[in-house]
Structure formats: C-alpha cells, structure tokens
Amino acid sequence: MNSKILLLFILLFLVSISYMSCDRQPTSPETTGQVNLHFEIAGRQLNGNTYLMKPAHSFTRVVIEVYSSSDAVSVSSIAQTPVARLEVALSASDTEFEGKLLVPAGEKQLLVAKLYENRGESELTSIANDEVISFYGRQNVTVEAGAVVEARIELLPAPIKNERVVIHVGSVEAQRDTSAKYLPISVANLDSIRGIQLDLIFETTPSMFSTISVRKTARSQAFSNIDFNVLNTEDFQVRILMYDRTEGAALLPLKDASASPGAVAELGFRIASSIQPVASPTISVKAGSAFVTTDPMVPLEVWVVDGEINLSN
C-alpha cells in the first residue's frame, strides 16, 4: 500500500469519526423510539416582555443531547457522554424549529437543547463572544421501543459570561390556610456573584397572604445576609436582598450555561383563610428592578423569567 492510499484511508477514518460525533443516533427499532422535537423561545415572559423583544438575535444552530435515565439525576454540568445527539443548522431569523431524534428506550430520558447564537462583540464588555449558548431547554421524556413521542421544549435564556445573568422565578401550587408554601428563586450565572437584589411584583392584593418569609438554600449558604421587605402594599411588591461582606464570591458560577441553576432563595408564604374562591386561579409573579454585584466587578445584564402561584380552591 503506497503512502497516498494510506493517507486516503486515514482521512476517511477521521471524517467518519467526526460525523459520528456530530450526529449520533441509535438505530435499532427493538431498543429505540423516535422523539419528534418542537422548540420555541417565545412562550413565557421575561421582565414583562417576551424574549424576542430583546435586540435581534443571530441564531446559528441548535444541539440536542440525550442522557440516559440513570444519569439524569446527576447531570448538573452535563459532564456525561450523551447516548444520542443531533445538530441542526439555523437561519439567523428562525424562532421556531423542529427535529427528529432516535432515543434509547427508557423512563425519564433527559433531553438537553442548546441554542447557539453569534454574538460578535459584547455590547457591555467589548469582549469577543463569537458563538455562545444563548437559550437552552431541559425536559424528561419516557421513550418506548418502536413508539413515537412528541416533545415540545421551551427554551429559556442562558447566562453568558461577562454579559448576562438570568434569574428564574419558579412556580408553585397553593391552597387556602394550609402549611407554608415556598416559591423558588434560581440564578443561572457564569460569573462569580457577591450580591443580588430582586423586586417581585405579585399581581394580587396583600390580603391574599397571611405570612411572608424568605430562607436560604444549599446553594446560597455562603451569603452572610438574606432578607426581604415589602415595598408597596397596593400591588404587593417584595424586595429580596442577598449579599456577603467578606472577600470573594458567595455564589460560584455554573460549570455550563445549560446546567440546572438551582434555587438560591425560597420565598415562603401562606394563603389567608379569609380568601374566597377566585375566578382566576393564577397569580403572576413578575420582576421589577433586579441587579447583581460580581467578584471581580463586571457590569451584567440581568434577565428575569417570570413565575406564578397556582391556587387550588
């Protein structure tokens, strides 16, 4: 075998390895099912506006990775090797897109979608971020061999280092005059954070609640101070403060922009027993002002994903 033929074989081998790593899907119908993927980034609200009210995006591609159910619980920074992967190229103006993926059969297979965007030079920091994960989604699905599953994944804004931190206001169900419920507040950050201030606006009256409190979580234990106060009793605004006076960061960055952020605070409340059944069972929880301090100091945009309280009459 001469050197040219040997070189050709080596090149063909490298191309085949590259192809397998970019779009890996199991193929046996006895052990796999098909997941039809639907993605959208406009559903929930961001600081009172839909995500696409922000400056124009230049999306480049979406990557979907699947992790087996045995790994799903421990996938926080997505360090495991995915059992299936699909990559779809996008036009810059795409806001909805679809794909099909063969997934090994199993319960609670974890789908992780990463939407990449060409950011160019950051407006805030003048740091080149050619391509970053701009939105992401995570969803568990149960896949049966030979079956087809429809999965609609809502893509949430992802943190961007030196540019953006994202605060997620969670959702919770509550009943009148029962034990206290806790609304989780999560932070997705790729920068070290020393302090957080967040104003929450509850679209209801203060008489809806008999008690209000706030507590730390395992992720925020390094904050030496956490407190709240009521700013406005007419539309019921609550300010949450978390900070640390010592040197260094109180909230370390996530290892991956698509990692589950984890709650940093829980706002406790109890629905007053005097509240009568309501026509609208949902209380929207939106953000007023929000800002963070970092270590070292970097000016960051703060995006807040709104939450809600669902009442059971």
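The values are calculated or read from the model by the stated rules, or taken from the named source; none is laboratory data. Values in this document were obtained by computation on a predicted structure and should not be read as measured data. For neighbour counting, all protein chains shown are included, and Cβ atoms are generated from backbone atoms with ideal geometry for every residue, glycine included.
When we screen Thr217, Thr204 for residues that are more than 21 Å from Ser289 (Cβ to Cβ) and hydroxyl-bearing (Ser, Thr, Tyr), the only hit is Thr217. Give me the residue from the range 255-277 that is modelled with pLDDT of 90 or more and not small (Gly, Ala, Ser) and, out of that set, nearest to Arg194 (Cα to Cα). By that ranking, first place goes to Val264. Within the range 227-240, the only residue that satisfies the criterion of being exposed (fewer than 11 other Cβ atoms within 10 Å of the Cβ) and within 26 Å of the chain's Cα centre (by Cα) is Asp227. With respect to Ala222, determine if the residue is assigned to a loop (DSSP other than H, G, I, E, B) and either in contact with a Cys (Cβ under 9 Å, 6 or more places away or on another chain) or modelled with pLDDT of 90 or more (or both). Spelling it out, it is not the case that Ala222 is assigned to a loop (DSSP other than H, G, I, E, B) and either in contact with a Cys (Cβ under 9 Å, 6 or more places away or on another chain) or modelled with pLDDT of 90 or more (or both).
Regarding the range 128-142, can at least one residue be identified that is within 24 Å of Ser258 (Cβ to Cβ), touching a helix residue (DSSP H, G or I) at 6+ places or on another chain (Cβ under 9 Å) and among the polar types (S, T, N, Q)? For the range 128-142, residues within 24 Å of Ser258 (Cβ to Cβ), touching a helix residue (DSSP H, G or I) at 6+ places or on another chain (Cβ under 9 Å) and among the polar types (S, T, N, Q): present. If I filter the range 303-310 for residues that are of a type in the set (D, E, K, R), assigned to a strand (DSSP E or B) and closer than 29 Å to Ala113 by Cα, do I get at least one hit? Yes: one or more hits. A count restricted to the range 107-139 and to residues that are exposed (fewer than 13 other Cβ atoms within 10 Å of the Cβ) and either of a type in the set (S, T, N, Q) or at pLDDT 85 or above (or both) stands at 1. Where strands (runs of 3 or more DSSP E) fall entirely within the range 162-218, those with at least 2 residues that are among the charged types (D, E, K, R) are at 193-202, 209-216.
The residues listed here are Ser220, Ser224, Ser207; of these, the one that is loosely packed, with under 15 Cβ neighbours inside 10 Å and in contact (Cβ under 8 Å) with a residue 40 or more places away in the chain is Ser207.
Starting from residues that are of a type in the set (A, V, I, L, M, F, W, C) and modelled with pLDDT of 90 or more, keep the ones in the range 241-250 and report whichever is surrounded by the most Cβ atoms within 10 Å (Cβ to Cβ). Top of the filtered list is Met242.
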